[in-house]
1. Could you check region 12-41 and list, in sequence order, the residues that are over 30 Å from Gln70 (Cβ atoms), surrounded by 10 or more Cβ atoms within 10 Å (Cβ to Cβ) and modelled with pLDDT under 75?
2. Looking at Ala46, is it at pLDDT below 75, among the small types (Gly, Ala, Ser) and loosely packed, with under 10 Cβ neighbours inside 10 Å?
3. In region 50-71, which residues are at pLDDT below 90, of a type outside the set (A, V, I, L, M) and in a strand (DSSP E or B)?
Amino acid sequence: MQTHSIKLRPLALLLSCATVLAACAGTGSSSATATGAREHDSRSFAAAANGSFEALAGARAYYGTDAGLQGDAVYAAESPANWSGGPVMLT
């Protein structure tokens, strides 16, 4: 008696990929209007303060205001006084 086996692994992978792609397709709705304008494009922002703060002991404080794309942006950073300028991770 001869049996024919169907390889299900490639079929299962194909169906899984198709399901994921269908789920990522979305409903087609968007927050953009027919003109391409989005709700957040009309919002305006203002720098709340100059960002000044006192650094912890053994650290240096850097702060200020920088010109952003949609107005001024406040920044503040603190680094150890003996920092050699190595890599920094922003979170």
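The values are calculated or read from the model by the stated rules, or taken from the named source; none is laboratory data. As the structure is a prediction and not an experimental result, all values here were calculated from the model. With ideal geometry, Cβ positions are generated from the backbone for all residues, glycine too; neighbour counts draw on all protein chains shown.
1. Hits for region 12-41: nothing passes.
2. Judged against the criteria, Ala46 is a match.
3. Result: Tyr62, Tyr63, Gly64, Thr65, Asp66, Gly68, Gly71.
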